[in-house]
1. Among the candidates Gly94, Gly109, which residue alone is surrounded by fewer than 22 Cβ atoms within 10 Å (Cβ to Cβ), out of contact with any Cys (no Cβ under 6 Å at 6 or more places or on another chain), small (Gly, Ala, Ser) and modelled with pLDDT under 95?
2. Kindly provide the set of residues from segment 40-55 that are within 27 Å of Gly105 (Cβ to Cβ) and not polar (S, T, N, Q), ordered by number.
3. With respect to Gly14, determine if the residue is free of Cβ contacts under 8 Å to residues at least 40 places away in the same chain and under 16 Å from Gly103 (Cβ atoms).
4. Only one of these is surrounded by fewer than 22 Cβ atoms within 10 Å (Cβ to Cβ), aromatic (Phe, Trp, Tyr) and in contact (Cβ under 8 Å) with a residue 40 or more places away in the chain: Phe88, Phe47. Name it.
5. Failed condition for Ala65, given (1) farther than 30 Å from Pro12 by Cβ; (2) of a type outside the set (S, T, N, Q); (3) in a helix (DSSP H, G or I); (4) without any contact (Cβ under 8 Å) to a residue 40 or more places away in the chain, with all others met?
Amino acid sequence: MFRNGGAGDPMPGGAALGLGLLLVAAGVGLFVAGRRAQEGRLRQNHFVGIRTTLTLNSEIAWDAAHLAGGRRLMLSGYGPVGSGILLFSQPTNGVGAAIVLVGLGWMVGWILAAAALGERAAKAALDDAGD
């Protein structure tokens, strides 16, 4: 099935293309969601955005979290887009896997940063609203 244990065999073209397109689509989706959040146009929902107990229970907390974390949410989309584009040119197993992992690591890191900043902003907004 695999020569040399599969090491260095190129990823099948269709798999590299499909994974690359999926990464680009996910990155663009994150960028658009972050942009809408930063502009205050991402309404409270259970599917997209900084979804914590605090933000889902309060519109004030939701708005504050997304205004604060929107830019970082936008930044999270660049990693998957970049790795998806690079995957088209380097579809070998080792390099392709590294490209995907770096892009996903970038995405997760910025999403966590957006969530942490958003949660702090949501708590502050609720404290201010309670005063």
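The values are calculated or read from the model by the stated rules, or taken from the named source; none is laboratory data. Note that the structure is a prediction, hence the values are computed from the model and not measured. Here the Cβ is made from the backbone with ideal geometry for all residues, glycine too, and neighbour counts use every protein chain on show.
1. Only one candidate passes the filter, namely Gly94.
2. Within segment 40-55, Leu42, His46, Phe47, Val48, Gly49, Ile50, Arg51, Leu54 qualify.
3. Numbers: free of Cβ contacts under 8 Å to residues at least 40 places away in the same chain: yes; under 16 Å from Gly103 (Cβ atoms): no.
For Gly14, the condition - free of Cβ contacts under 8 Å to residues at least 40 places away in the same chain and under 16 Å from Gly103 (Cβ atoms) - is not met.
4. It is Phe88.
5. (4)
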